[in-house]
Structures are given as C-alpha cells and as structure tokens.
1. So which residues in region 234-259 are without any contact (Cβ under 8 Å) to a residue 60 or more places away in the chain, farther than 22 Å from A213 by Cα and assigned to a helix (DSSP H, G or I)?
2. Given (1) assigned to a helix (DSSP H, G or I); (2) closer than 27 Å to L166 by Cα; (3) not assigned by TED's automatic domain parsing to the domain that holds N145, identify the lone condition not met by D185.
3. Just one of I2, I47, I65 is over 29 Å from the mean Cα position of the chain (by Cα) and over 28 Å from G156 (Cβ atoms); which is it?
4. Out of (1) touching a residue at least 60 places away in the same chain (Cβ under 8 Å); (2) on the phi > 0 side of the Ramachandran plot, what's the single condition that is false for E227?
5. Please work out if K245 is under 25 Å from S125 (Cα atoms), of a type in the set (D, E, K, R) and surrounded by 15 or more Cβ atoms within 10 Å (Cβ to Cβ).
6. Could you run through region 145-158 and say how many residues are out of contact with any helix residue (DSSP H, G or I) (no Cβ under 6 Å at 6 or more places or on another chain) and either in a helix (DSSP H, G or I) or farther than 18 Å from I198 by Cα (or both)?
7. Filter region 88-144 for residues that are part of a loop (DSSP other than H, G, I, E, B), touching an Asp or Glu at 6+ places or on another chain (Cβ under 9 Å) and over 30 Å from I184 (Cα atoms) and give the result.
8. Applying the selection to region 111-130, what residues are free of Cβ contacts under 8 Å to residues at least 40 places away in the same chain and surrounded by 16 or more Cβ atoms within 10 Å (Cβ to Cβ)?
Amino acid sequence: MIIFFYGEDVYRLREKLKALKDKFISASLGDTNLAILEGKTVEYNEISRQVLAIPFLSKTRLVIIENLLKEGKKDVQEKVGELLKKLPDSTVLVFAEVNNPDKRTSLYKKLVKEKMAQEFAPLESIQVKRWIRKEAENRDVDIENDAINTLSDYFGGDLYRQKNELEKLAASIQHRRDKTITSIDVKKLVRPEVESNIFALSDYIGQKNFQAATKELDRLEKNGENEIYIFTMVVRQFRNLLILKDTINRKGNINSYQMAKEVGMNPYVAQKTMPAARNFEWHKLRQIYKTLLNFDLAIKTGKMEGKVALNLFLAKFCN
C-alpha cells in the first residue's frame, strides 16, 4: 500500500501522520517494523532495504519517507519511482511532504494518483472556526462564537498557535462552574499576532474610518510593538494589496487558495487581504504605496520618526 500526505497545513499533516504511526505501533506491539527516513539525506539503497524487508513477527512493515520530493536527490527520486512497482504487499509505504512538493517530478505524478493520496490544504475561515470549536470540545469546555471569531482573526489557519492558546484558555477556566471560553477571556489572555492588527488597520484605511484606524494603531503600540516595525508591516501589507489587486484585475474572481498559489503568498495572508484589495481602487493603492515608500525613506534617513510617519499616513488617507 502507498500513502501520500502533502500540503501546506503542517499541523493537520503531522497529526495525521502521528495517528497512523501510533495505530501501527499499537497493532504491532512495538516499533520493530517501523522505519522513518529523512528524504534529504537518505540514499536509495537504504530505502530499498527498508521497503523490501520482510516483517519481523508481524504481517506488515510501515516505512515513512519524509520530504523526499522536496529535498531528496533527483536520482534517488527516479529510482524510488521504479521501486514502487516492486512494493511487497507486506509494506505500507508513506510519503510525507510538508508544504507543496515539486509537482513537475515523475514521482509526484505517480504518487498523486494513488487512492490514499491526501492533500492538506490550509483551512478556509469557516473551517478554522469549526476546528476551534471541535478542539474546545475535546478539552471538555465550551466556547462562545465571539471567542471563536476573535481567535480566528488573531491566528487564522496557524493551528499550532490555535492549539496552544486553546490549551491555555481551557486551563484558565477550569475553576468555573460554567466552563465556557468567552471573548473577554481571549482578549485578556491572548496576545494577537501583529499581522491580524495590520489586516484590520488596512481595512479601516480602505473604509476611511480614521477613528477605528487610530484605535487599531494605539492597540499595536500598547502591545509594545516598535513604531518602525509597525510601519514596516504596514508597507508590506500595502505591497500585498497591490499584488492581489493586480492579480484580481487580470484573473478575475478567484478564491483565496487559488490566489495564494498564483502569487506565491501565504494562504492565510491572501484570505485576509483579498476583501480589502477588492475595496481599494488601483490608482488609490498606488498612491498610498508611493507615499509609504517616501515616508520609509524619510525614516531611514532620519528626517522623520516612525510614529510621526504613521500618524501622517492615517491623517492623509483616512479623511
């Protein structure tokens, strides 16, 4: 049997792989017939030896090769492609590829056709929210919709961070009779990623909502973020907006996952940025980005402070 796990959602891919290993070890009463190989360093002879070996006191062997397509040698990949024809019924061969492998290779084209091929694409917003609720239930706590929405806004599809924060939140309410995570709990105990604030800030600028944009900027500063870093993130966000706007103009209405692949952007960033990109006019984005670059030069040459640049920027484009 051949199994192929690949995709950008590293958390879910790793969890699936772990579940597979744990189930095999439990059924086989140990890891004697388990082999885990690193694609970057493994040679073909070692792969062949592990794949063709006869199971010891068991019906099956489990061989896992990690990132062979992404990091392995080309000649090894080609030989492994031929080895698949000789795979014994007693071997379960798993290819695990974190992030997207090179889809042009002959080995990828063979593996993706397998019945047990599974892509772990980044979750869309609604899927992330369902995942958060399910994870809360797994920890025997409830969670308000507003709390789910806040966590989703903070960390998007970063499921490692979502998991860590949910564990912290669940532990913090164990003393309560009503074990429900609220939005107040989230805002009190969880520090959002700067990126989520930057997304909100750009949205408010697009809406010309000066008051909300100023509050968002104050929130970033109260979280202890350096003004220069905030300004750098704002510049990066408007560069992303320009890239997405240009692609929307050329490609039309495509979803965030397709967009991320098209422009080589993190899917979560594309998902959070696309609504704002649609709201801005092309000439306005160019004007904003040009102003930001001028301010950036003024900051780097000592002619302007970061805080002054941010406030001038908001005053110019939010009124």
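1. I243, D246, T247, I248, N249, R250, K251, Q258, M259, listed by residue number.
2. (3)
3. I47
4. Here E227 meets the rest and fails (2).
5. The answer is yes for K245.
6. Residues flagged as out of contact with any helix residue (DSSP H, G or I) (no Cβ under 6 Å at 6 or more places or on another chain) and either in a helix (DSSP H, G or I) or farther than 18 Å from I198 by Cα (or both) within region 145-158 amount to 2.
7. N100, T105, V112, F120, A121 - these are the residues of region 88-144 that are part of a loop (DSSP other than H, G, I, E, B), touching an Asp or Glu at 6+ places or on another chain (Cβ under 9 Å) and over 30 Å from I184 (Cα atoms).
8. V128, K129
The values are calculated or read from the model by the stated rules, or taken from the named source; none is laboratory data. All values reported here derive from a predicted model rather than from experimental measurement. Cβ coordinates were reconstructed from backbone atoms using ideal geometry, including for glycine residues, and neighbour counts include every protein chain displayed.
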